[in-house]
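Engineer: A single structure is presented below for examination.
The values are calculated or read from the model by the stated rules, or taken from the named source; none is laboratory data. This is a predicted model, so every value here is computed, not measured. Don't worry about glycine lacking a Cβ; one is built from the backbone with ideal geometry, like all the others, and counts go over all protein chains shown. Remember, those area values only see protein heavy atoms, side chains included, never the ligands or the DNA or RNA. Shrake-Rupley method; radii C 1.70, N 1.55, O 1.52, S 1.80 Å.
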Amino acid sequence: MEPLLEVKNLTKVFEGRKQEEFAAVNQVSFSLYPHETLGIVGESGSGKSTVVKAITRLIDVSEGELLLHGQDITHVKGKKLREAYRRFQMVFQSAAGSFDPRRTLGDGIGESLRNSGISRKETKERVKELLMQCGLPKEYADRYPHEVSGGQCQRAAIARALAIRPEILICDEATSALDVTVQKQIIQLLKNLQKTYGMSYLFICHDLALVQLFCDRVLVMQEGRIVEEGTPNEIIMHPQTDYTKQLVEAVL
Ligand SMILES: Nc1ncnc2c1ncn2[C@@H]1O[C@H](COP(=O)(O)OP(=O)(O)OP(=O)(O)O)[C@@H](O)[C@H]1O
Ligand SMILES: [Mg+2]
């Protein structure tokens, strides 16, 4: 199968506190396949979010290539960039913080639809549908972010991410702020949505137990590099590095 997204030798160099340069991400390469759920685990500061920001072009890469359906999108600009980035959507840890507090969840979820020229009426209908698909009552369209729980807000953030039918959904610690039961519910929701829409996930997480529940394959990052790669069970059965051994001990 052809990969959907290929990341080749991705490197991101930042200037450190003492003006010296350091690579937050160092020669990282991986592929994401259609319908696949790929996990990235790694200790705090290992470069997971930097990988995500580089892939979604929130930051420029220092070195390396990004290929989407085999096409180089590393340096595309303007219309081509917007076209490429319709295919990616993100869900972050702080769902509440990602919605405008003065606007309803329905407004937030519908924004990208209206921007793409869909009428107000149709957008409203579509927002209700999306809310229900994400396990929320359609009436929640009229609620403000502070009027729902963290888990509900995360569901609304997923609804918003799905609105323009991405091919790749990137979840950066999307479940980390939630309690264990709600985490599992969100994972179940993501699995069901994947069956409906067939998208691929990049799932960044600290918790190997959740990764085992959800991911087909997992990358372990340490100090900006990928140090291990395999199915969650392979990683758990035969951890190679001390860091991974610690992660595994936390699961067992
Ligand atoms: N804009 C920036 N300028 C300078 N350094 C940065 C910048 N963004 C990130 N870093 C540094 O890059 C390294 C990797 O950060 P990153 O946010 O990718 O880690 P992470 O693996 O996502 O960690 P966490 O699990 O805590 O979210 C860290 O040392 C961080 O301080
Ligand atoms: Mg991070």
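Engineer: Identify the single condition in (1) touching a residue at least 24 places away in the same chain (Cβ under 8 Å); (2) within 15 Å of ligand 1 (Cβ to nearest atom); (3) among the aliphatic types (A, V, I, L, M); (4) in contact with a strand residue (DSSP E or B) (Cβ under 8 Å, 6 or more places away or on another chain) that V227 does not satisfy, given that it satisfies every other one.
Structural biologist: Going through the list (1) touching a residue at least 24 places away in the same chain (Cβ under 8 Å); (2) within 15 Å of ligand 1 (Cβ to nearest atom); (3) among the aliphatic types (A, V, I, L, M); (4) in contact with a strand residue (DSSP E or B) (Cβ under 8 Å, 6 or more places away or on another chain), V227 breaks only (1).
Engineer: A further question follows. Only one of these is part of a helix (DSSP H, G or I), of a type in the set (A, V, I, L, M) and crowded, with 18+ Cβ neighbours inside 10 Å: L178, L169, L113. Name it.
Structural biologist: On the way: L178 fails: part of a helix (DSSP H, G or I); L169 fails: part of a helix (DSSP H, G or I).
Of the residues listed, the single one that is part of a helix (DSSP H, G or I), of a type in the set (A, V, I, L, M) and crowded, with 18+ Cβ neighbours inside 10 Å is L113.
Engineer: Regarding region 73-85, can at least one residue be identified that is surrounded by fewer than 16 Cβ atoms within 10 Å (Cβ to Cβ), within 15 Å of ligand 1 (Cβ to nearest atom) and either at pLDDT 90 or above or not small (G, A, S) (or both)?
Structural biologist: no
Engineer: Can you pull out the strands (runs of 3 or more DSSP E) entirely within region 190-252 that have at least 3 residues that are within 16 Å of the chain's Cα centre (by Cα)? Give the steps one after another, and end with the answer.
Structural biologist: Working: elements: 200-204, 217-222, 225-230.
The qualifying strands (runs of 3 or more DSSP E) are 200-204, 217-222.
Engineer: Scan region 33-50 and report the pairs whose first residue is closer than 16 Å to C171 by Cα and touching a residue at least 40 places away in the same chain (Cβ under 8 Å) and whose second residue is away from ligand 1 (no atom under 13 Å from the Cβ) and among the basic types (K, R), with Cβ atoms within less than 8 Å and a gap of 6+ or a chain change.
Structural biologist: Correct list of pairs: E36/R217; T37/R217; L38/R217; G39/R217.
Engineer: In addition: Being modelled with pLDDT of 95 or more, within 11 Å of ligand 2 (Cβ to nearest atom) and either open to solvent by less than 80 Å² (accessible area, probe 1.4 Å) or under 23 Å from S176 (Cβ atoms) (or both): is that true of T50 here?
Structural biologist: Yes, satisfied.
Engineer: Among F88, F92, F14, which is open to solvent by 40 Å² or more (accessible area, probe 1.4 Å), farther than 22 Å from E228 by Cα and modelled with pLDDT of 90 or more?
Structural biologist: Residue meeting the stated conditions: F14.
Engineer: Moving on to the next point. Among the residues of region 135-150, is any surrounded by fewer than 20 Cβ atoms within 10 Å (Cβ to Cβ) and modelled with pLDDT under 90?
Structural biologist: Yes, that holds for at least one residue.
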